Structures are given as structure tokens and as C-alpha cells.
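Novice: Let me begin by handing over the structure; questions about it come next.
What follows is calculated from the coordinates using simple rules that are stated; it is not laboratory data. A quick note: this is a predicted structure, and the numbers were derived from the prediction, not measured. Quick reminder, even Gly has a Cβ in these numbers, built from the backbone with ideal geometry, and neighbours come from all protein chains shown.
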Amino acid sequence: MAFMELMTDTPFYPAVGTWSVWPKLMGEDRPVIWIAVEDVGSIAAIAFANRDHWLGRELALAGDVRSLAECRSLYRDVVVRAPRASPCPCGCSTASPART
């Protein structure tokens, strides 16, 4: 599960981690469960306000299931440009040789 804000919001900088590093680590087509931080907060507030009802219960949360490729396409449709990209730091997607 990942927060939707990782793709767009500057407080969760750098979004380039989502757009540049993630695809190298897990591929563009792997489904990811996305949820908004605000949604989690709203659900938590309801649970705390109704503590007796929710105490000891489990609640499965999910917003949407999309691959990074699908998210990139939706981003282009809405923002009318591709997400900002930057090169992956050396060694993040391949094993680095041991230093002696």
C-alpha cells in the first residue's frame, strides 16, 4: 500500500522517488494499492469518535489499485505533461560491489 500523495505533493518530496526509483526497483506494471492520507485520517477520526464500536475490529482499507504505468498515464491526462523525472542514483537498482 502506498499514499497517493507520494506522486504529487511537495511535502512528500521527492515525487521523483515514485516516478524514477520505484519503476527501477519493482517495474512499471506491478499493481500498487493507493490510498489518500486524508482518507486514512478521516477513517481514523471516525474510529476514534466511535471507539466502542470499532475496538478490536479490523477494517481493510484501499483506495485504488493501479500500476505506476497507469498512474503516469492518468497524470499526463490531468496535468498535461509527464511527471518530473530524474536519474536513479548509482547503485540503487543494482547490487553495489563491496568496498574494502
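Novice: Using only alpha carbon pairs under 8 Å that are at least six residues apart, calculate the relative contact order of segment 2-79 and give it in whole percent.
Specialist: Dividing the mean separation by the residue count of segment 2-79 yields 36 percent.
Novice: Treating segment 2-79 as a set of equal point scatterers at the Cα positions, no solvent, please give the Debye-formula log₁₀ I(q)/I(0) at q = 0.15, 0.17 Å⁻¹.
Specialist: -0.62, -0.74
Novice: Also, I was wondering about something else. Just order 37-44, 52-59, 74-81 by mean Cβ neighbour count inside 10 Å, highest at the front, would you?
Specialist: In descending order of packing, they fall as 37-44, 74-81, 52-59.
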